[in-house]
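Input: a single structure, listed below in structure tokens.
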Amino acid sequence: MSDALKIGIAGLGTVGSALVRILQERKEKLAITCGRPITITAVSARDRTRDRGIDMTTTAWFDDPVELAAKADIDVFVELMGGAGDPADAAVRAALSRGLHVVIANKALLARHGVELAKMAEEKGALLNFEAAVAGGIPIIKALRESLTGNTVSRVYGIMNGTCNYILTKMQREGLSFAECLKEAQRLGYAEADPAFDIEGNDTAHKLAILTTLAFGSQIAPDDIYLEGITNISIEDIRAAEDLGYRIKLLGVAQRTETGIEQRVHPTMVPLDSVIAQVDGVTNAVAIESDILGELLMVGPGAGGNATASAVLGDIADIAKSRPGAQDVPVLGRPARELEPYRRARMRSHEGGYFIRMTVEDKAGVFAGIATHMAENRISLESIVQRPHKHVDAAEPKTIILVTHATMEDAVRKAVAAIKGDGYLIGEPQVIRIERPREA
């Protein structure tokens, strides 16, 4: 059997502690399946005294993760601290500069500096693995980077944030408000005390930017993503979607078009009978559409200690099995220096149409005015629905729901702006895209 693979782990939070526990409990099995033992040689974390339920007494401890990466006697540096800046960035660069292999679960770091880090790894002949950075335990990175070689990918989309999916699921199942469901998600540990990064779509955007690069061979472009979170989704939207045969999900979507690559993160209505509509709770789902395979949909736990640690361990095992000095697969699917500049697509027709909900004053000419503005922007309407009210009162505001056929994004925005200008809207209108996923 080959010499042991020596690893250093920076970050002993939920994921890091789970990884250490799994490595310790299954060391004999891993030695057989990987062809060599895997040994934790060094660790770094903020608090040495914290009880994590794991034995670190025989492991070298570094208070500074950058020092661990730069000086520890290790073959692989595992970064589980998170964050796009230091110390994570500095530590990863220190490890790569030594030619060490690196495993990370840090989507923010990859979204911001992934191309630079990939170049460093490739120049040093080191492996940089990051399966756990997107969709937790779902092996979507390996699928795009290795398994679908030869396929031309046309679209990648999915549910990539368990916090948002939990909130939307709970709203739909229990009829609770967004605020109530967010509070419950925080109580259960699914949402942070400051949940903005998740619920405003930033977490999904980082993951989507990484998948876009792997799918289309372009440079990572996290700042070129249309971004909209779920904070404006109301229980009225959830109920209306159900009545129309849809369910609301926060999707990340990247697709190749004639004019470039389109990346967007936003609440989306998907048909109730689609597979992705049935993905509930904190579960993630990612679909890949390609010319040879068709559609591949992968569903599984998107977060949590064990799920993420499983993905990290898979990356470590791949390194343990690799040939010494070999860099079998480019970090980002193709050599980093050959990634194409990102070209953002122009506004285009959206195949699924739009859901538009607005509350209006009940007076003559309102319906005619709405129809006129839609016609002026060449928007064809599939249906117009007036939602019932609890009290029959001719003077009370009315809720109108429009569902459009395929149309242009800017046409919808212009029509809504014109309707707002007429002065009979009460509050802000709600506009949600409708997606009709291609089912295999």
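Values computed for the structure shown
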| read-out | value |
| --- | --- |
| Residue satisfying all of: in the stretch 328-381; part of a strand (DSSP E or B) and modelled with pLDDT under 90; surrounded by the fewest Cβ atoms within 10 Å (Cβ to Cβ) among these | 349 |
| Filter result for residue 148 (open to solvent by 10 Å² or more (accessible area, probe 1.4 Å) and without any contact (Cβ under 8 Å) to a residue 40 or more places away in the chain) | no |
| Residue list for the stretch 191-249, restricted to those being of a type in the set (S, T, N, Q), over 21 Å from residue 281 (Cα atoms) and in a helix (DSSP H, G or I) | 212, 213 |
| Only one of 168, 244 that is of a type outside the set (Asp, Glu), open to solvent by less than 10 Å² (accessible area, probe 1.4 Å) and under 19 Å from residue 355 (Cβ atoms) | 168 |
| Qualifying residue in the stretch 276-284 (condition: among the β-branched types (Val, Ile, Thr), under 24 Å from residue 216 (Cα atoms) and surrounded by fewer than 21 Cβ atoms within 10 Å (Cβ to Cβ)) | no |
| Subset of the stretch 171-190 that is open to solvent by 50 Å² or more (accessible area, probe 1.4 Å) and part of a helix (DSSP H, G or I) - its residue that is nearest to residue 160 (Cα to Cα) | 186 |
| Unique match (being of a type outside the set (Val, Ile, Thr), within 27 Å of residue 205 (Cα to Cα) and open to solvent by 50 Å² or more (accessible area, probe 1.4 Å)) among 119, 71 | 119 |
| Residue list for the stretch 130-153, restricted to those being touching a Lys or Arg at 6+ places or on another chain (Cβ under 7 Å) and closer than 16 Å to residue 102 by Cβ | 131, 133 |
| Selected residue (criterion: surrounded by the most Cβ atoms within 10 Å (Cβ to Cβ)) from residues of the stretch 154-165 that are outside any loop (DSSP other than H, G, I, E, B) and in contact with a Ser or Thr (Cβ under 8 Å, 6 or more places away or on another chain) | 164 |
| Among the residues listed as 306, 284, the single one being closer than 18 Å to residue 105 by Cα and assigned to a helix (DSSP H, G or I) | 306 |
| Pair list, Cβ under 8 Å, 6 or more apart: the stretch 105-116 residue in a loop (DSSP other than H, G, I, E, B), other residue acidic (Asp, Glu) and buried (at least 24 other Cβ atoms within 10 Å of the Cβ) | 105/79; 106/79 |
| Unique match (being of a type in the set (Val, Ile, Thr), farther than 29 Å from residue 331 by Cα and out of contact with any helix residue (DSSP H, G or I) (no Cβ under 8 Å at 6 or more places or on another chain)) among 257, 268, 212 | 268 |
| Test: residue in the stretch 310-317 that is within 15 Å of the chain's Cα centre (by Cα) and crowded, with 18+ Cβ neighbours inside 10 Å | no |
| Residue that is least open to solvent (accessible area, probe 1.4 Å), among those in the stretch 30-57 that are among the hydroxyl-bearing types (Ser, Thr, Tyr) and closer than 16 Å to residue 4 by Cα | 41 |
| Index of the failed condition, residue 72 passing every other in (1) in contact (Cβ under 8 Å) with a residue 60 or more places away in the chain; (2) in contact with a helix residue (DSSP H, G or I) (Cβ under 8 Å, 6 or more places away or on another chain) | (2) |
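The values are calculated or read from the model by the stated rules, or taken from the named source; none is laboratory data. What you see is a predicted model; the values in this text were computed from it and never measured. Cβ: placed from backbone, ideal geometry, glycine included. Neighbour counts: every protein chain shown. Just the protein is used for accessible areas: all its heavy atoms, side chains included, with ligands, DNA and RNA removed. Shrake-Rupley method; radii C 1.70, N 1.55, O 1.52, S 1.80 Å.
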